[in-house]
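Colleague: Can you read through this structure? Questions will come right after.
The values are calculated or read from the model by the stated rules, or taken from the named source; none is laboratory data. What you see is a predicted model; the values in this text were computed from it and never measured. We place every Cβ from the backbone using ideal geometry, glycine too, and count neighbours over all the protein chains shown. We work out accessible area using only protein heavy atoms, side chains counted, and drop any ligands, DNA or RNA first. Shrake-Rupley method; radii C 1.70, N 1.55, O 1.52, S 1.80 Å.
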Amino acid sequence: MSLETVDLDNNDVSTNPNSSAQIYLRKIAEFSHPPDHPENKTIINKAIDFIQEITQADYIIVSSLVNNGSQCVVHGSFGLDNFRESLNDRHANIVKEFTSDRIIFNAKEFHFQQLASCFLPESAIKSGISVPIRADGAPCGCLLIFSKNDQTYSPSKITLLEHVAHLISRYLQQKLFYPFTGQTAHKVVEAKPEWENVIDALPQLVVVINTLGKIVRINQAIEHWGLGAASSQKDKDVINLLTLLCPAPDTVSRWNKSWEELRHRHMIEWEFENHISGMSLRFLLRHLHNNGQHGPDNPQQHYGYAALIVDNITELAQLRKQQLLYAESLKQQLCGKIQQLVELNVRLAEELTQHKRARKALKLSESRYTHLLENTLVGICVLDKGKIEYCNQMFAEIIGMEVKKIHGKQLLRLVDPEYRALLFKQLNSIMSAQADKYLGIIKAINGNNKERWVKIKLNYLSAEEPEKILVNIFDVTAQKEIEISLRESERRLRTLYRRLINAQENERKRVASELHDGLGQMLSSIKYRVENTIKRLDGEQYPAASGIRLDLQTVVVEIKRVVEETRCMAMDLRPPILDDLGIIMTINWFCRQFQQTFKNMKIRQEISVKENDIDEKLKLVIYRIMQESFNNVIKHSGATNLVMKLYKSNHSLHLKIEDDGQGFTIEDRNNRVNTGSGLNSMRERAELTGGFLHIDINKPAGTRINVIWPMAK
C-alpha cells in the first residue's frame, strides 16, 4: 500500500491490521514512549518524518515561544535548509497568531497566506494547517505544515496531527523538566506537612476515600464536630460516618447511588437537614485525579480515589429560609402593589373621565373669562418684556387708541414722561423677582391728547415666565380732579386758618395791651383816689366817717382784685415777657405761676436748648401748646406730677409734656378732636408751622404729648 494513497477515514481502523490507520498508529507507537534520558532528541525528527509521510507537505516547522512570548525557538523542520533556530520578535508575533488555535487555510484565506509567507518569503504557499502545542492546557508553541498546492485535511488526519502535537508537547516538557525532578520531589515532601496542617485547620470535614469506600485520611475537624478522634476513623467504612452525620433511613441508599454515579461524573453534590438537631450539611464528593479514568478499576487511584467534603451550612440554610420568607413577603407585597395598581388604574380611568369633564368645563370657563375680560370696567393687558402682548377693549378705551394699534407697543410710551422712570423701576423689580406687585396712580398719554389719571397695578404672573407681567388700570381722572380740588381747598383753608390764628394772636396782643395800659391804668388811678379819700377821712370826727371809711376800704380790696384779674387776663391773652425776654424765660415764669396756682401739682422742667436755637415763629406756638396742655392736665387728668421737656435731637426741636394722670382712650381723644377741643388746636398750630404732634396714651399711667419741628441743618 502506497503512503500517498492512505485513506485515514476508512472504516477498517480497528479491524484490519494492514489498514493505513493501523500502520500509522504503530509508527506513532515506535516513537511515542517517553525518553529514557534527557539526551534523547530523536522524537521530534521522527514526528516530522511521520507528518511528511501522511501529508506530503513541502514545509514542516516545530516551534515554541520563550521569554514570555517575546522570542520563538525552532526545535525541528522539514524542507528548510538554512533556517534560524531563534527568530526575531516579528516572527514570534506571527507564531502567536498560529498558536492561539488550530488553523486550516487554503488559497482563499489571504491573511494566513501572508503570515506563512513571512516564514518563507520566496515560496508560494497555498495551503496549510497549524496545530497548537500545549503545556498544562495552555498553548506554548505550534506545529506548522505548509504546502505549495491546495491540500485538504480530513478529521482523521487532524486527529493524528493532534496526537503527534501532544507527543511533541510531552517530549518538550520532559526535556525541560526532568533534570529538576529530584529537587521537585524533595520540595513536595517538605510541603506535604504544611498542606496537611492547612487541611486540618479547615472548618469543613475533609475525608479521603479509597476505591473500596474506606477512609484513608480525615482532617481534625471531626474532633471539633464531636465525632471522635481523626486517627480512630482510618480504614473504616465512610458509610458509618455518614449515618452519624445523617440519621435518616435513606442515607445508605443515597450514598450507594452517589458512589455509583462517581464512575461517570467528576463531582456530586447534595445537602441534608437534620430536623432533630437543626443542623444543615452540604456534601461534596469528587475525584482526586482528573485524568479521564473515573472508576475504581484504575489501580493508580487505589489509595486516594475520592474526597468527601462536608460543610456545616446551618447559617446559610437559615438565611435561605429567611430569604424564602422574605421572598414570600415580597410576593405578598407585590400582590398588594398589583392590587393597588389595579385600583390606581380604576382611579386613573375615573380621573381621566373627570379630566375630560374638567377640560370641557375649562373651555366654557375660558369663554366666560374672555367675555368677562372684554366687558369689565377695568383695563387689562399682559406685558412681555415691557411690550403689550394682549389688552382688552376697556384698556384701549382708557388709552384712547384701537386695540390693534396698542399691540406690540411699549407700555412706557403710553405713560407721561414724568412717570416713566418710576414705572420702569417697578417693572424691572417685578421681572427680577425683587417685588411681586405694585399699586400706584400715574398720568397716561391719551390718544386724543387728553390727560388721563389711571390707577395702575402690576402683578407677577408666573415663575415659568418671569418676563410677563399682568397690568390692571382704572380711570381715576374724575377722582384725581376732585382730589386736586380738595387739596387746593385744603391749602386755602390752611392759609385762612393761619391768617385767622395770626389775627387772633394780634387781637389778643391788642386786647392784652389795652387791658394792661388802659383798663389797668384806670383801675390803678381809681384805687389811688379811694386810698387818698380814706386818708382824709381819718382826721374827720363826725359820726358817719367811720362807716364810710370801712366801705371805701372794701372798695380798695375789690379794686385790687379787679386789677389782679385784669393783669392775669392780659398775661393769658399775650404775656409781655414773651416779646420782651423770650420763650425760655416765659416757660420758667409760666411754670412758677402754674405751681403757685395749683399747690398740689409738681412741675419739672428740662430745657436743653438756647433762645437763639428756636425760630421766632415757633416761640408763640410752643407757649400756646404748653398752655393748652397744662390746662388739659388740670381739667381732665387728675395728675400730681408734670414734666415739661424742650430739647434738640437729630436736627429737630422736640417739645414733650408728660403727666401721671388717668389718661384717656382713643374714643375720648377722637371725641375731643371732633368737638373742637384744645387737642385739635394744638395739632393745627404744630402742622401750620411745619411740625407734627403725636399723643401717646398710657391709660391709666398718664399721657405724653410729643411735638417735633424739623430744623435747618
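Colleague: Give the number of residues within region 47-64 that are in a loop (DSSP other than H, G, I, E, B), closer than 16 Å to L120 by Cβ and of a type outside the set (A, V, I, L, M).
Modeller: So the answer is 1.
Colleague: Turning to a different aspect of this structure: Considering (1) within 25 Å of V198 (Cβ to Cβ); (2) open to solvent by less than 30 Å² (accessible area, probe 1.4 Å); (3) modelled with pLDDT under 90, say which one L308 fails and leave the rest.
Modeller: The single condition L308 does not satisfy is (3).
Colleague: Any idea how many residues of region 474-494 are in contact (Cβ under 8 Å) with a residue 40 or more places away in the chain and in a helix (DSSP H, G or I)?
Modeller: Summing the residues that are in contact (Cβ under 8 Å) with a residue 40 or more places away in the chain and in a helix (DSSP H, G or I) in region 474-494 gives 1.
Colleague: A further question on this structure: Mind checking whether some residue in region 126-133 is at pLDDT below 80 and either in contact with a Pro (Cβ under 7 Å, 6 or more places away or on another chain) or under 20 Å from F105 (Cα atoms) (or both)?
Modeller: No: region 126-133 contains no residue that is at pLDDT below 80 and either in contact with a Pro (Cβ under 7 Å, 6 or more places away or on another chain) or under 20 Å from F105 (Cα atoms) (or both).
Colleague: For region 200-287, list the helices (runs of 4 or more DSSP H) that sit wholly inside it and hold at least 2 residues that are hydroxyl-bearing (S, T, Y); which are they?
Modeller: By residue number, 251-261.
Colleague: Okay, moving on. Of the residues L523, L500, L439, L519, only one is of a type in the set (A, V, I, L, M, F, W, C) and at pLDDT 80 or above; which?
Modeller: L439
Colleague: What about T243, is it hydroxyl-bearing (S, T, Y), open to solvent by 30 Å² or more (accessible area, probe 1.4 Å), modelled with pLDDT under 90 and farther than 24 Å from E196 by Cβ?
Modeller: Spelling it out, T243 is indeed hydroxyl-bearing (S, T, Y), open to solvent by 30 Å² or more (accessible area, probe 1.4 Å), modelled with pLDDT under 90 and farther than 24 Å from E196 by Cβ.
Colleague: Next up: Looking at region 156-165, can you tell me whether even one residue there is polar (S, T, N, Q), open to solvent by 20 Å² or more (accessible area, probe 1.4 Å), touching a helix residue (DSSP H, G or I) at 6+ places or on another chain (Cβ under 8 Å) and at pLDDT 80 or above?
Modeller: Yes, there is a match, as at least one residue in region 156-165 is polar (S, T, N, Q), open to solvent by 20 Å² or more (accessible area, probe 1.4 Å), touching a helix residue (DSSP H, G or I) at 6+ places or on another chain (Cβ under 8 Å) and at pLDDT 80 or above.
Colleague: Residues in region 364-387 that are in contact (Cβ under 8 Å) with a residue 40 or more places away in the chain and either open to solvent by 80 Å² or more (accessible area, probe 1.4 Å) or on the phi < 0 side of the Ramachandran plot (or both): how many?
Modeller: Adding up the residues that qualify gives 9.
Colleague: Can K645 be described as surrounded by fewer than 18 Cβ atoms within 10 Å (Cβ to Cβ), outside any helix (DSSP H, G or I) and among the basic types (K, R)?
Modeller: Considered against the rule, which asks whether it is surrounded by fewer than 18 Cβ atoms within 10 Å (Cβ to Cβ), outside any helix (DSSP H, G or I) and among the basic types (K, R), K645 comes out as yes.
Colleague: Next question, about the same structure. Could you say which residue among N446, N392 is open to solvent by less than 40 Å² (accessible area, probe 1.4 Å) and at pLDDT 85 or above?
Modeller: N392
Colleague: Let me ask you something else. All but one of (1) surrounded by fewer than 16 Cβ atoms within 10 Å (Cβ to Cβ); (2) in contact (Cβ under 8 Å) with a residue 24 or more places away in the chain; (3) not in a strand (DSSP E or B) hold for K425, so report the exception by its number.
Modeller: (2)
Colleague: Which residues, taken from region 391-422, are out of contact with any Asp or Glu (no Cβ under 9 Å at 6 or more places or on another chain) and not in a helix (DSSP H, G or I)?
Modeller: C391, G400, M401, E402, K409, Q410, V415
Colleague: Please specify each residue of region 616-642 satisfying the condition of being without any contact (Cβ under 8 Å) to a residue 24 or more places away in the chain and either part of a loop (DSSP other than H, G, I, E, B) or under 20 Å from W709 (Cα atoms) (or both).
Modeller: The one that is without any contact (Cβ under 8 Å) to a residue 24 or more places away in the chain and either part of a loop (DSSP other than H, G, I, E, B) or under 20 Å from W709 (Cα atoms) (or both): E616.
Colleague: Next up: Against the condition outside any helix (DSSP H, G or I), within 30 Å of W453 (Cβ to Cβ), out of contact with any Ser or Thr (no Cβ under 9 Å at 6 or more places or on another chain) and modelled with pLDDT of 90 or more, how does V382 come out, does it pass?
Modeller: yes
Colleague: Sticking with this structure for a sec: Consider L581 carefully, then state whether it is within 23 Å of Y623 (Cα to Cα) and either touching a Pro at 6+ places or on another chain (Cβ under 6 Å) or at pLDDT 75 or above (or both).
Modeller: Against the criterion (within 23 Å of Y623 (Cα to Cα) and either touching a Pro at 6+ places or on another chain (Cβ under 6 Å) or at pLDDT 75 or above (or both)), L581 qualifies.
Colleague: Has region 483-490 got at least one residue that is out of contact with any Pro (no Cβ under 8 Å at 6 or more places or on another chain), surrounded by 16 or more Cβ atoms within 10 Å (Cβ to Cβ) and among the β-branched types (V, I, T)?
Modeller: no
Colleague: I'm trying to understand the selection: among the residues of region 428-465, which are in a strand (DSSP E or B), touching a helix residue (DSSP H, G or I) at 6+ places or on another chain (Cβ under 8 Å) and within 21 Å of I484 (Cβ to Cβ)?
Modeller: G440, I441, I442, K443, A444, I445, E451, R452, W453, V454, I456
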